[in-house]
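Derivation of every value follows stated rules applied to the coordinates shown; laboratory data play no part. What you see is a predicted model, and the numbers here were worked out from it, not measured in a lab. Glycine gets a Cβ as well: all are built from the backbone with ideal geometry, and neighbour counts include every protein chain shown.
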Amino acid sequence: MDLVTRLARSATAIAGPLLFVEGVRSARLGEMVWIRLDAGESRRGQVIELSETHAVIQVLEETRGIRPARAEVAFTGRMATLPVARQMLGRTFNGTGEPLDGLPPVVPEAVLPIAGSAINIVRRERPSEFIETGVSAIDGLNTLVRGQKLPIFSGAGLPAHALAAQIVREARVRTGEPFAVVFAAIGIPFREADYYLHAFEGSGAQERTVVFLNLADDPTIERLMTPRCALTTAEFLAFTHGMHVLVVLTDMTNYCEALREVALAREEIPGRRGYPGYMYTDLASLYERAGKIRGRAGSVTQLPILSMPDDDITHPIPDLTGYITEGQIVLSRALEQKRLFPPIDVLPSLSRLMNLGIGGERTREDHRAVADQLYAFYARGRDVRRMAAIVGEAGLGDDERALLAFADRFEAEFVGQGDARRSIEETLEVGWRLLGAFPPEALTRIGRALIERYRPQGETDGAGAVDADGAARHPGAPAGGAAGGRAAPEQA
Amino acid sequence: MPGSSAGSIVRVSGPTVVAEGLEGVALNEVVRVGRDGLLGEVIRIRGGQATLQVYEETAGLVLGEPVDATGEPLAVELGPGLLGQVVDGIERPLDALAARTGDFIVRGVMHPALDRQRRWHFVPRVDPGDQLQGGAVAGVVQETASLVHRILVPPGLSGRVRAVTPGDATVTDPILVLEDGRTLSMLQRWPVRQRRPFLRRLTPERPFLTGQRVLDVFFPIAAGGTAIVPGGFGTGKTVLEQTLAKFAAADVIVYVGCGERGNEMTDVLAEFPRLKDPRTGSPLMERTVLVVNTSNMPVAAREASIYTGITLAEYFRDMSYQVALMVDSTSRWAEALREISARLSEMPGEEGYPTYLATRLGQFYERAGRVVPLSGDGEGAVTVTGAVSPPGGDFSEPVTQASLRVAGALWALTTDLAHRRHFPAIDWTQSFTLYADRLAAWFEHEVGEEWASLRQEAMRLLERERELQEIVQLVGLEAMQDQERIVLEAARLLREGFLRQNAFHDVDAACLPAKSLAMLRTILHFARRAAASIERGAPLRAILAAGLDEPLLRLGEVPGERMEAAGAALVAEIDDTLARVGGR
């Protein structure tokens, strides 16, 4: 550590979150600085650009009250680092890693740069272990595996928090290996953060959880540090202590907005919707910090949550995220309006690593085929529903009626399970029960041997059991007779 | 003299650095930046200042740190030992880096791409007294069980051979001495941004067989051709590119993972050594070179990675091999270009991309081609398939549009098909190929005379389905005539049984043209006969309930060698069944 702190009193300008200091020849790109105000108060910043005339400092805290002419800038010579230790489990920190729980700072086992380094891909281990979340739409159709990064694409008012809390609660490692949760709140309101904290407490996961809190009224620019602190901690717990770490980052939309704020303050040429052109690279520097390393016991699994502005999946934030992450879980307002929980729209949802985590030894041999068949029928059922909205139910043939009824039952029974937990076997049983509405020869995505082994015996299970009328003509109407009503706990 | 020009840093912003005092430095010259000697390249010279793009993380740099010019442009090492390698965007071998610095990539570490210790058995093809020209084959090395590495005289070099040293040698040992005293080793270097020379271009008239039915039958490209694969996220670009790398008919595959996911490349690394090359029986990895610069690795090296990849491909082409280059994804390359351009404060073009985006893409794709190499011996080809990741899946964006102007084929992936889990999610209405006419002769001659006519018939059927679907959306299926409904059913079988292909099924994953033709013949036979039965008054319901769809949908699972017989049996069954259900 460089103990020689250099001082400069040559700050000349402040613009948004940026402070411009003149004539600093010895600053390092990326080093941390302290900005001392005349009132004796100090604020933190980071050098983000160097030139002959000036250094640009990104102020990580409130800039209100900074008088450039009177400010004293101390260059520490240190890059942004975080002291880490196993003791952090059960503790709460602010968005830059300082204790918030009134307890003394942790005794560090290591001090790590929060920027992280890329894992050399020849040392990456291929993720392959199934994580049972207890949620059918995920376990059955979009399976999560250890070391994956699987975001939840949410929208204003959709219960991403309830789903994430349920996954954290249920996604325990069944084999008894050590696990931990690292939770980073990025610019979310207290109400939401409080919901998560209570959920962790209620599940007994609290003493295995490290919390980093940057709330909606905390400094915006601090949000650029928060996920990096969380991931640095997660990597340490995973790769030094051999724990299986689940990282929840919420809400990445707030992170991206902080990124945009800095970029525009630097007068950079804006990209789509004003977000900087390097947002893909910047997001990748976070999301790519998931995975497993050969020869090391632990893993980092990421569950980032983001709000799609106006439910628009083509907005740059979900769009770039989807290009980096290994799939996405997409929440649907239409299902939410039917009071189904979790309201996961399985068609745009995807887990790219699913095939690595399922099959004979991991889940069950029929898993892939059942998932494909459910997808195929549901996609066609949705087409029929769209068509029925135009031509009316009378214009439908028997096959189409069966598909429509299947789509309704699939949403109500398979996806809308409520907050009950389902094992993977139970999930597949529900799937087979729904497929029972079709004759065996219609199940073209499933091999004959699997059909013989797993298809419930007996004739086709009344395809028209669910009254589909309402749902078909008015997609917003509640589906009748569903197994799972909305069971998401109300927010505190 | 290289290394003599010392400058110092006057500005740092992200991956770009400005240095002063680099007198006489050339554009695109490689420099070593700062005390750690980070690798960089000169991208602008103005007044006494040179702007550099740095291939490694720049955090920690201080103004005034030294910058040294090397006198050389960015170049790659070429020679035996490339196959099976995994290198980063500037050809650093990732295995060797891991051995030196551990599980994470550390900056400032250089390592040559080719192993300096390993010995190769060199068998000369020239004798003392022979006159050699650049590109000539000086000798051969059996690099892998199935590939002979031809040691080429570097382009531009010529002379008479004085002595030859056969036997085991490292890549730097002299293997030839020329009369003027110059020596040749198996190692040569080539600047990545410069196309390797060849004797002449050849007309693309042979197909690049991919093993994907929808591509080989409907949208084939020529060996030496180019195709772009745009698609929103989750449409299966990477799975398609990897499937091509596995099953495409090529001697050598160069796969560039440009700004994409680490776990995906791990997947390739786990699978390719296990999978067998269908043509030679050797592990796939032995015909593959991976150039990997994942999204979290430095952006400037990502920009360089596609040039590194195509230079390696050209080198194998010059040995008269069929080479396929996959780039996943060119959009990430374009974004790297955009980021660097923005740091230079260049006036932006569309969506912030630099105005020279289309020119650079054009120059890149034009390095593909089927050629007679300098050796004059046979022919080689570089076929390029580039994935494109349009924001929001919107193809009107600049990278897709600029690529379309140069590529010979468009394999468009759509979200709608992907959501239905119809893979490969190639949209047959939007995709096109400009090679079809030139390749028709080959297919008719090599596969079957009905090739073109069946292909036409299948495309017409899909077109007819699209028209009918528009009506169905308005009036419902029940209101359609039986003649129309049987067309819809036949089109469904074509889509689900033929166009759809399961990349994860042992048999279905790859399909040779002969099998494709037999499948098409069978499915279209059903289409024709069923329509005829309806005309003769057979009830639609009976045809639909006859259970013919299941075997037709499972044709892809029939192994290629049994396809001809299975197809014929099914044709007979179709005839019998339709005769039974009615219509005299």
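Some observations on this one:
- Bridges between two residues of chain B, per DSSP, are antiparallel at a rate of about 70%.
- Nearest-0.05 FRET efficiency for B:Glu478 and B:Asp506, computed from C-beta distance (R0 30 Å): 0.15
- DSSP bridge analysis restricted to the protein assembly as shown gives an antiparallel fraction near 65%, rounded to the nearest 5.
- Peptide-level mean, for B:256-265, of C-beta atoms on other protein chains within 10 Å: 6
- Centre separation in Å (Cα based) which lies between region B:306-377 and region A:408-431: 48 Å
- Separation of the A:Arg433 and B:Glu457 label points, Cα + 7 Å toward Cβ, nm: 4.7 nm
- Hits among lysines - C-alpha to C-alpha of A:Lys149 under 26 Å, sequence gap 8 or more where chains match: A:Lys292, B:Lys237, B:Lys246
- When only Cα pairs below 8 angstrom with a gap of at least 6 residues are kept, chain B shows a relative contact order of 13 percent.
- For chain B, the calculated P(r), taken from all Cα-Cα distances in 10 Å bins from zero up to the bin holding the longest distance, is 3, 16, 24, 23, 16, 9, 5, 3, 1, 0 percent.
- Scattering curve values for the protein assembly as shown, log₁₀ I(q)/I(0), Debye with Cα scatterers, q = 0.04, 0.06 Å⁻¹: -0.22, -0.50
- When both bridge partners sit in region B:324-444, DSSP labels roughly 60% of those beta bridges antiparallel.
- Summing +1 for each Lys or Arg and -1 for each Asp or Glu among the other residues whose beta-carbon sits under 12 angstrom from that of A:Thr240 gives -1.
- Averaged over peptide A:380-390, the number of partner chain Cβ atoms lying within 10 Å of each residue's Cβ comes to 2.
- Ranked for footprinting exposure by Cβ neighbours inside 10 Å, fewest first, B:Thr429, B:Thr16 give B:Thr429, B:Thr16.
- Loop-located trypsin sites (Lys or Arg not before Pro) in region A:41-81 (DSSP state not H, G, I, E or B) with no more than 12 neighbouring Cβ atoms inside 10 Å: A:Arg64, A:Arg70.
- Mean separation of Cα pairs under 8 Å and 6 or more residues apart, divided by the residue count, gives chain A a relative contact order of 15 percent.
- Cα gyration tensor, region B:329-431 - rounded (a/c under 1.5), prolate or oblate: oblate
- Once you reduce region B:78-104 and region A:129-153 to the center of their Cα atoms, the two points are 33 Å from each other.
- Based on C-alpha pairs under 8 angstrom that are at least 6 apart in sequence, region B:394-511 has a relative contact order of 21 percent.
- Nearest 10 degrees, 0 to 90: helix B:237-247 Cα axis against chain B principal axis: 90 degrees
- With Cα atoms, 0 to 90° folded angle of helix A:226-239 axis to chain A main axis: 70 degrees
- Exposure rule at most 15 other beta-carbon atoms within 10 Å, DSSP loop chymotrypsin sites (Phe, Trp or Tyr not before Pro): chain B longest free segment: B:1-355
- Loop-resident GluC sites (Glu not before Pro) (DSSP state other than H, G, I, E or B) in region B:1-103 with no more than 12 further Cβ atoms inside 10 Å of their Cβ: B:Glu23.
- For B:Leu152, A:Leu103, B:Leu202, order by how many other beta-carbon atoms lie within 10 Å, fewest first: A:Leu103, B:Leu202, B:Leu152
- The protein assembly as shown: calculated mean residue ellipticity at 222 nm from DSSP helix runs of at least 4, using -39500 (n - 2.57): -9500 deg cm²/dmol
- Extension gain (nm, one decimal) between B:Ala514 and B:Asp416, 0.36 nm per residue minus Cα-Cα: 32.3 nm
- Cα long-axis angle, helix B:330-343 against chain B (0 to 90 degrees, to the nearest 10): 40 degrees
- Distance between the C-alpha centres of region B:512-543 and region A:244-262: 54 Å, rounded to the whole angstrom.
- Shown for A:Thr250, B:Thr522: other C-beta atoms within 10 Å of each C-beta, ranked fewest to most, produce the order B:Thr522, A:Thr250.
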